[in-house]
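The structure under discussion appears below in the form of structure tokens.
The values are calculated or read from the model by the stated rules, or taken from the named source; none is laboratory data. If you're wondering where the values come from, they're calculated on a predicted model, not measured in any experiment. Cβ coordinates were reconstructed from backbone atoms using ideal geometry, including for glycine residues, and neighbour counts include every protein chain displayed. The area values use the complete protein model at the heavy-atom level, side chains included, leaving out ligands, DNA and RNA. Shrake-Rupley method; radii C 1.70, N 1.55, O 1.52, S 1.80 Å.
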Amino acid sequence: MQHRIIVLGAGYTGASAAGRLAKRLRGEDVAITLVNAEPDFVERVRMHQLAAGQDLTPRPLSEMFAGTGVEVRLAKVTGVDVERRTVAVVDAKGAGELGYDTLVYALGSGWNAEGVPGAAEHAYEIAGRAGALRLRERLARLDAGRSVVVVGGGLTGLEVAAEIAEARPDLDVALAARDGLGDWLSPKGRAHLRKVFGRLGITVHEHAAVTGVEADRVTTADGEAIPAAVTVWTTGFAVHPIAQATALEVTGTGQIVVDGTLRSVSHPDVYAVGDAAMVMGPGDKPLRMSCASGVPGAWQAADAIAARLTGGKLPNVAIRYFNQCVSLGRKEGLIQFVTADDRAVRAALTGRLAAVYKELVCKAAAWGVANPTLGLPARRRPVTQRAAARSSVKAPA
Ligand SMILES: Cc1cc2nc3c(=O)[nH]c(=O)nc-3n(C[C@H](O)[C@H](O)[C@H](O)COP(=O)(O)OP(=O)(O)OC[C@H]3O[C@@H](n4cnc5c(N)ncnc54)[C@H](O)[C@@H]3O)c2cc1C
């Protein structure tokens, strides 16, 4: 009988995990199903480009996984029952249920309005394709001289503000940041960011905590009103509520708590990767929601599943950070080198070279999803019944 592995979500991490599992395990031993709501792989790291009017390369999942042994199932996941080991789905034919022996949960995240009054009603978001396309359509209709306020001074906020300002120099683009502009960056990184934002004409409101969004303005905790014909909300991501509705151990924000092999600490037949997982990284700090840590985590999970099913050696690769890659429009960029636990060091790459570097990173990430073992030879090992039975037993605490 084949061991049924279901991977939920074909974003950066789910697709990486599914492809890698297919390379690590023999097709006759396992049935790998990749469930995704959309028919193609969405390059989330380019959503600011999509919003600013650029067209992205279509990447149909059916083509990406053709001949790999991974079955792509187009369906929306509506629930998971970790006691019965089933996934509830809805597709074009209606509601259904899929049974699994091992589950990889990789449903990613969406935007996080943080309960700020008016944000859900009036703000635009770019956490996914639907939101980015909605903003793109709104920007296309926006007359010259109108104001766009990006709320959030994190990596996503910086990227979208710069992208819109470069694509639409006729608009009045501003950024509202809770802290100082890029204050986690090195002095060189910060100075470069200020220079580029100045050149692009972006007004920066620092130490401005936005507490309300209206149709034509945002208001801050200090009582300031900033005109905003369009507000773009980028203060962070929130995970989908599906995991929280299960018996899985999750954090207060709904991320699945996993161990170093990305296995659920409460349910040993469930793994969680990417934004959906709470993984402790170097310095005992939770890894941030990113491809930079999510994709290596997906490789680790796939290798751990394969090892447990075949009686092989468990992987033990520390997931660490190397750099933060920030695009500042198409011609400028900033590569901030960081410590293993993501703190900026002095070295930073700036300018056009940094823009090229970032573009290569995005291309490599998409290529890696389509070629999960990065050209390494496949190491397919047989699944043994004993190892498979042991794989779903909880390890002693
Ligand atoms: C504009 C922007 C720029 C970014 N830039 C960077 C960057 O430079 N570097 C970096 O490291 N990170 C960056 N990130 C963050 C990065 O994109 C995410 O951390 C990453 O995509 C998480 O991967 P994932 O596989 O967990 O989720 P996702 O890539 O979001 O994939 C989740 C998948 O699950 C599917 N799905 C969701 N719900 C359901 C459901 N109910 N049923 C079926 N399918 C479902 C989705 O369709 C999607 O295919 C950026 C994000 C944004 C929005």
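Sorted into 5 angstrom bins from 0, the C-alpha pair distances of region 1-78 split as 3, 16, 25, 21, 15, 10, 5, 3, 1, 0 percent. A 1.4 Å probe over all protein chains sorts HIS122, HIS48 by accessible area into HIS122, HIS48, starting with the largest. Of MET47, MET1, MET280, the order by accessible heavy-atom surface (1.4 Å probe, DNA, RNA and ligands excluded), from most exposed downward, is MET1, MET280, MET47. How high is the relative contact order of the chain, in percent, with contacts defined as C-alpha pairs under 8 Å that are six or more residues apart? Normalised by residue count, the contact order of the chain is 19 percent. From the Kirkwood radius over Cα pairs of region 266-397, Stokes-Einstein at 10 °C and 1.306 mPa s returns a whole-number translational diffusion coefficient of 94 µm²/s. Can you tell me the relative contact order of region 134-237? Whole percent, Cα pairs under 8 Å, sequence separation 6 or more. That works out to 32 percent. Above 42 Å, the calculated P(r) of the chain contains 14 percent of its Cα-Cα pairs. With the alpha-carbon atoms of region 40-151 aligned to their principal axes, the span from lowest to highest coordinate is 56, 36, 24 Å, starting with the largest. Relative to the dominant Cα principal axis of the chain, helix 12-24 is inclined by about 30°. For region 71-190, what does the relative contact order come out to in percent, with C-alpha contacts under 8 Å and a separation of six or more? Averaging sequence separation for qualifying contacts and normalising by length gives 13 percent for region 71-190. Which pairs break 21 Å Cα to Cα here: LYS76/LYS285; LYS195/LYS331; LYS285/LYS313; LYS188/LYS363? In this structure, LYS76/LYS285; LYS285/LYS313; LYS188/LYS363 lie more than 21 Å apart at Cα.
When a 1.4 Å probe is rolled over the protein heavy atoms, the share of accessible surface on region 215-352 that falls to carbon and sulfur comes to 56 percent.
Annotation: the antiparallel percentage among DSSP beta bridges lying fully within the chain is about 50.
Relative to the longest principal axis of the Cα atoms of the chain, helix 291-310 runs at roughly 0 degrees. Heavy-atom accessible surface of LEU56, to the nearest 10 Å², is about 50 Å², with a 1.4 Å probe and all protein chains retained.
Extent along the principal axes, Cα only, for region 136-219: 38, 28, 17 Å, with the longest axis given first. Solvent-accessible surface of region 224-311, taken per residue with a 1.4 Å probe and all protein chains present: 32 Å². Taking Cα atoms only, the orientation of helix 155-167 departs from the longest principal axis of the chain by about 50 degrees. In this label model, ALA318 and ALA340 are separated by 0.1 nm, measuring between points 7 Å along each Cα→Cβ vector.
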